[in-house]
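The values are calculated or read from the model by the stated rules, or taken from the named source; none is laboratory data. Predicted model only: the values in this text are computed from it and were never measured. Methodologically, a virtual Cβ is constructed for each residue, glycine included, from the backbone with ideal geometry; neighbour enumeration extends over all protein chains shown. Ligands, DNA and RNA are excluded from the accessible area calculation, which covers all protein heavy atoms including side chains. Shrake-Rupley method; radii C 1.70, N 1.55, O 1.52, S 1.80 Å.
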Amino acid sequence: MPSSPIPRGARRSLGRTAATLLAATSLASASDTPDITQMEIEQLMQMTVTSVSKKSQKLSDTAAAVYVITQEEIRRSGVTSIPEALRLAPGIQVARIDANKWAITARGFNGHFANKLLVLMDGRSVYTPTFGGVYWESQNTVLDDIDRIEVIRGPGASVWGANAVNGVINIITKSSDKTRGGQINIGGGSEERVFGSVRYGFDLGAETHGRVYFKGLDRDRYRVRDPATPAASDAWDMQRGGFRLDRDSKSGDILTLQGDAYTGTINQVTLLSSPPAPHNLYDIAHISGWNLLGRWKKALALDSDFTLQFYYDHAQRNEGHLSQLDNTLDLDFQHHFAYGERQDIVWGLGYRYIGDQLSTNQHFQWRLDSRNLQLFSGFLQDEFTLLPNALKLTVGSKLEHNDFTGWVVQPSARLSWTPANGHALWGAVSRAVRTPNRIEQDSRFFGLTPLAPFAGGNPTPFPVFFTARGRTEFQAEDLVSFEIGHRFMPTSSFSLDTALFYNVYNRLRSFRGGAPALNGHGYVDQPVYFYNDMRGNTYGAEIAAKWAPLTWWTLEGQYTYLGMDLRSRADRFENSSATEAADPAQQWSLRSGFDLPLNLELDFRLRY
């Protein structure tokens with residue numbers, strides 16, 4: 001069921017004050033990624049990121065709120081899934097709804113389908129067009145194969161396009177030349193009954209390398225939405241396999257071909273509010289899919305290159321209340337070059353085709369069971385060096401045409417200033433949009449708890465059932481964002497990264513009630529329509545500090561504050577207060593990592 005906030009039952013559980021203390025010891029193992037505790041903080045700030053401007057930049061030079069989760073942080077944290085790894089980044093809200101579902105976003109508007117966060121796997125979008133958001137249970141690649149996770153808080157729409165409203169997460173896996181040889185991981189426990197992976201990397205010549213892998217997991221149930229029914233379960237299992245080939249020639253050509261296939265079953269309890277009476281559906285959902293991605297990057301000169309990428313993604317979900325089939329084809333071209341001594345330009349063109357097939361039954365009905373959606377896009381970004389090694393201005397915009405709302409323009413301007421060694425100031429003004437999805441324009445489904453006769457404001461002798469209805473007139477949501485930040489590195493062993501933001505939202509999703517009507521099956525049908533009546537502001541601060549007081553000891557602290565002021569027209573179905581209640585106002589975490597004798601590592605993390 002689509003919703004902006006977390007479902008009420010889950011919200012009560014997730015909203016309680018909670019702190020988690022994790023202590024883990026492990027044998028130090030050989031890794032292709034340098035140990036974070038052996039790198040000076042200054043070296044970490046010089047890491048290269050590519051997700052902000054679709055080109056390589058030093059982390060310390062980016063005019064955006066960026067945090068990089070390294071492979072070493074993932075390994076030492078002891079996490080077993082990508083959603084858990086995202087808790088390592090400041091400003092990211094990660095709420096676990098049950099054993100197989102997560103609600104993840106940045107800077108507010110969290111829910112099972114958090115539709116303002118764009119998530120990429122090696123540049124391949126995993127954003128679902130049906131509900132908007134991400135099925136996180138399907139994104140379970142081998143954690144050891146992840147090189148880094150680049151987390152951008154704030155709009156990234158000027159290069160990535162629509163739905164990159166509150167943030168962009170790009171999960172980047174290692175090149176296969178860094179995963180040679182064999183590796184076997186296996187584990188188990190009371191809740192995570194068994195999990196493991198097998199990977200083998202090989203050479204196909206001096207310039208070509210590859211790897212194949214298989215991963216599986218079987219997890220016990222986490223929580224039950226209906227405690228009165230002990231048989232209810234949300235246990236799940238997944239199997240996934242894939243390959244990657246990389247060729248880096250001396251002529252400047254870098255070729256990548258990679259693919260994955262997965263299948264799994266998910267136990268879930270879904271409350272269905274359809275006639276003749278609301279009831280729980282105890283369901284075993286079957287999910288499967290595969291994808292294939294190819295990329296060619298060619299260096300034309302020292303300061304010029306182009307990239308051509310394609311991917312095809314097939315995803316299928318068969319649930320008791322809905323079946324979905326999505327086929328996506330994406331083509332993307334970009335060209336990066338220097339113009340003179342003070343301009344660095346990136347431009348590109350893109351095309352995406354999505355063909356879907358949705359089931360119609362008594363719970364979900366669709367204006368069109370199948371749609372073929374097309375997206376055409378182009379972007380241009382120019383970085384001006386106003387003062388060498390000190391002041392840079394980046395301006396750009398993305399132009400898109402989608403089948404829901406037509407043309408969309410998403411510009412941005414970013415200024416970075418380095419007044420002295422150890423100080424970097426930046427500011428940004430951006431516009432981003434969130435395009436409608438199928439549920440908001442084409443659906444009709446039963447939602448909310450029905451009202452019994454002569455009860456709960458129902459003066460009639462008939463039960464009242466609520467039907468949510470999409471509207472073809474539903475428009476794109478709009479954001480104008482203002483951001484400033486400061487990176488402070490007084491010594492090579494200490495860094496402080498601060499970001500402040502103020503966001504102005506318009507045409508946010510809301511609901512209006514329509515005229516009720518007596519249905520021929522003996523109940524009152526109360527329609528609730530999708531509208532764009534909500535608007536408002538969010539504001540906040542994000543702070544991350546890293547300190548290595550000794551060569552064998554690393555400390556890290558993070559703090560996030562989020563304020564929301566949302567407003568909607570007067571209607572009994574308006575949802576601004578529920579949206580505000582779904583997000584924590586404050587988050588903080590502390591981490592302490594030790595390198596001990598005998599190749600032992602000890603890590604503590606406290607999260608609130």
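Numbers below:
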quantity	calculated
Globularity index of segment 75-213, i.e. its alpha-carbon radius of gyration over 2.2 N^0.38 Å	1.14
Residue-normalised accessible area of the chain, expressed per residue, 1.4 Å probe, Å²	41 Å²
Spatial separation of Cα centroids for segment 531-572 and segment 437-482, in angstrom	30 Å
Cβ-placed point charges (K, R +1; D, E -1), dipole of the chain about Cα centre in debye, nearest 20	1100 debye
Portion, in percent, of the accessible area of the chain that falls on carbon or sulfur, probe 1.4 Å	59 percent
Local net charge near Val528, Cβ-Cβ under 15 Å (Lys/Arg +1, Asp/Glu -1)	+2
Taking segment 398-500 and dividing mean pair separation by its residue count, relative contact order in percent (alpha carbons under 8 Å, at least six apart)	28 percent
Förster-model FRET efficiency, 25 Å R0, Ser251 and Tyr351, C-beta, rounded to 0.05	0.35
Peptides 471-479, 158-166 ordered by average Cβ neighbours within 10 Å, highest first	158-166, 471-479
Share of pairwise Cα separations in segment 247-397, more than 25 Å, in percent	55 percent
Inter-part distance where segment 345-368 and segment 167-189 are each reduced to a Cα centre, Å	30 Å
Spacing of the two label points (7 Å from each Cα toward its C-beta) at Ser190 and His335, in nm	6.2 nm
Net +/- balance of residues flanking Thr256 in space, Cβ distance below 9 Å, scoring K and R +1, D and E -1	+2
Cα gyration tensor shape for segment 76-140, rounded if a/c is under 1.5, else prolate or oblate	rounded
Segment 334-458: relative contact order in percent, alpha carbon pairs under 8 Å with at least 6 residues between	19 percent
Over the chain: helical MRE at 222 nm, DSSP H runs n ≥ 4 each giving -39500 (n - 2.57), nearest 500	-1500 deg cm²/dmol
Spherically averaged projected area in nm², based on the convex hull that wraps the Cα atoms of segment 505-547	5.9 nm²
Rg over Rh [alpha-carbon atoms, Kirkwood Rh] for the chain	0.96
Antiparallel DSSP beta bridges within the chain, as percent of all bridges there, nearest 5	95 percent
Gained length - Asp303 relative to Asp369, 0.36 nm times residue gap less alpha-carbon distance	18.9 nm
Relative contact order, percent, the chain [alpha-carbon distance under 8 Å, six or more residues apart]	13 percent
Packing rank of 351-364, 580-593, 110-123, where each peptide gets the mean count of other beta carbons within 10 Å, highest leading	110-123, 580-593, 351-364
Pairwise Cα inverse-distance average, inverted: Kirkwood Rh of segment 396-538 (Å)	19.1 Å
Taking N as its residue count, the alpha carbon Rg of segment 455-593 over 2.2 N^0.38 Å	1.64
Dipole moment magnitude, nearest 20 debye, segment 101-212 about Cα centre, only Lys, Arg, Asp, Glu C-beta charged	300 debye
Computed log₁₀ I(q)/I(0) - Debye formula, equal Cα scatterers, no solvent, segment 378-436, q 0.13, 0.21, 0.30 Å⁻¹	-0.45, -0.80, -1.17
Unit charges at the beta carbon, dipole of segment 443-525: most positive-side option, Phe465, Leu448, Leu496	Phe465
Lys/Arg +1, Asp/Glu -1 at C-beta; the chain dipole; positive extreme among Ala301, Asn163, Leu508	Leu508
Top positive-direction residue, dipole computed over segment 368-413 with Cβ charges, set Asn372, Pro411, Phe384	Phe384
Projected area averaged over orientations for segment 329-468, convex hull of C-alpha atoms, nm²	14.3 nm²
Size of charge dipole - segment 227-321 - debye, nearest 20, with Cβ of Lys, Arg +1 and Asp, Glu -1, no other charges	260 debye
